[in-house]
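The values are calculated or read from the model by the stated rules, or taken from the named source; none is laboratory data. Computed from a predicted model, the values in this text were never measured in an experiment. Here the Cβ positions follow ideal geometry from the backbone for every residue, glycine too, while neighbour counts run over all protein chains shown. All accessible areas refer to the heavy atoms of the entire protein, side chains included, with ligands and DNA or RNA removed. Shrake-Rupley method; radii C 1.70, N 1.55, O 1.52, S 1.80 Å.
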Amino acid sequence: MPVFKSNIPSSEITSESVYLSRRKLMRAGAMALGLAGSAALAACAPAATPKPQTPQKEDVAPTQAPVATAAPASTGSEKRDEFGDAANSFADITSYNNYYEFSTDKESVAAYAKDFKTDGWKVEVGGLVNKPKTYDLDDLRKRFGEEERIYRLRCVEAWSMVIPWQGFPLHKLLAEVEPSAKAKYVRFVSAGDPEQMPGVRSPFYTWPYAEGLRLDEAMHDLTLMATGLYGKALPNQNGAPLRLAVPWKYGFKSIKAVVKIELVEEQPISLWMAAGPGEYGFYSNVNPKKAHPRWSQATERRIGEFSRRRTLMFNGYETQVAGLYTGLDLNVNY
Ligand SMILES: Nc1nc2c(c(=O)[nH]1)N[C@H]1C(S)=C(S)[C@@H](COP(=O)(O)O)O[C@H]1N2
Ligand SMILES: [Mo]
C-alpha cells in the first residue's frame, strides 16, 4: 500500500464508503495496488445504488447552527479569493482528492496517480463546430494564455476548499472552433486508460468519466480550463494536464484529465447521472436549499476550518451566474 501522509484527520472527513474500503484494504494486506483499489471499489458500491459519495454521518445535518468564521489561512498562504477567503494549502489541495479512476480513497489518489503519463497529451475539440481541431498543451498555452483564478470548490459531499488555479476561460477555445447554430451543450470526456487507471475496471460506473454544460454555461467567463495551480503545472491527482473548473457547481462537474470536448445538440448524460439519476442531475448547481436525497446541502466543512459554514447559493457566485437560470425551476432542474 502506498504510504501517504496528510494533515487532514481522516476521522473527520473520510466518507463512510472510504472508511469501509480502507478497513478492507488493510485486511487485504498484500494485494497488489491496482487490484486492491478496484476490489474495494466493487465491495463498497452496491450495483443498484452506488454510494461512493456518502459522507460520514458527522458531515450531514449538523445539530448546532453553523458559526460564521473569518477564514484563517490554513497554511500561511497569502492568496485569497474574491470573497476574502484564504486559499487552502498546496498540501491540502494535493492530498485530499476525488478521482475515482485512481481510487475512491481521497488520501490515496495522489499515490495511485503519481506515475500517470501525460506527455504528448492531446485534446480533441469537435462535434457541432465549424472548425474542429485537436490541440496539444503548447497550442493551448500559446493561443489562450494562462491567468490565475482563485475559486471555491464545493464537493457534493459537503466539504470545500479554495484553490488558486491557472488556466484560460473555456470561451476562448470555443470561440476559435466556432460552435454551429445547432450546438446547445458541451460534452467533456476524461482519459480512461485501464492500464494506468485501476478504478476504470469498476463495473459500477460508465467509463470514461464524462460531464456536460449548457453552451451558455460553458461560455460564461467563470468557466475555466485549468492547467495548473499554485503556479505549477497541474498535479496528476488534480486532473493533469487539463481539467475543468466550474466554481458555482458541485465539484464533480469539474472533470479532470480532459481528452475530448464535443459540441452536441442533446443534453449529455454524465457519469454521475448514469450512476444515480435520482441523486445527481445535469445542472448540479450548488444550492443549499436543495438537499441531496441522502444528506443536507445547507452547510459545508471548509478543509482547514473547525466549524461548519453555511453553503451559499451558487457557491457564492450568485450575482455572476444567477442570470443563466432565469425562469428555470432549480428544484426540478437540480
Ligand atoms: N475524471 C474525473 N474528474 C473528477 C472526478 C473524478 O473522479 N474523475 N471527481 C470530481 C469530484 S467529485 C470533485 S469534488 C473534484 C475534486 O477535485 P480536486 O481533487 O482537484 O479537489 O473533481 C471532480 N472531477
Ligand atoms: Mo465531489
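What to note about this one:
- Scan of region 212-241 for residues that are open to solvent by 10 Å² or more (accessible area, probe 1.4 Å) and acidic (Asp, Glu), ordered by number: 216, 221
- Number of residues in region 167-185 that are closer than 15 Å to residue 221 by Cα, in contact with a Gly (Cβ under 9 Å, 6 or more places away or on another chain) and either open to solvent by less than 40 Å² (accessible area, probe 1.4 Å) or free of Cβ contacts under 8 Å to residues at least 24 places away in the same chain (or both): the value is 2.
- Residue-level analysis places residue 244 among those that are within 16 Å of ligand 2 (Cβ to nearest atom), at pLDDT 95 or above, under 16 Å from residue 189 (Cα atoms) and surrounded by 22 or more Cβ atoms within 10 Å (Cβ to Cβ).
- Taking residues in region 92-120 that are free of Cβ contacts under 8 Å to residues at least 60 places away in the same chain, and partners anywhere that are more than 12 Å from ligand 1 (Cβ to nearest atom) and of a type in the set (Asp, Glu), the pairs with Cβ atoms closer than 9 Å and at least 6 places apart or on different chains are 120/136.
- At least 3 residues being more than 20 Å from residue 287 (Cα to Cα) and more than 9 Å from ligand 1 (Cβ to nearest atom) is the threshold, and among the strands (runs of 3 or more DSSP E) wholly inside region 150-264 those reaching it are 159-169, 185-190, 224-229, 258-264.
- Of all residues in region 127-149, those satisfying the criterion of being within 24 Å of the chain's Cα centre (by Cα) and part of a loop (DSSP other than H, G, I, E, B) are 145, 146.
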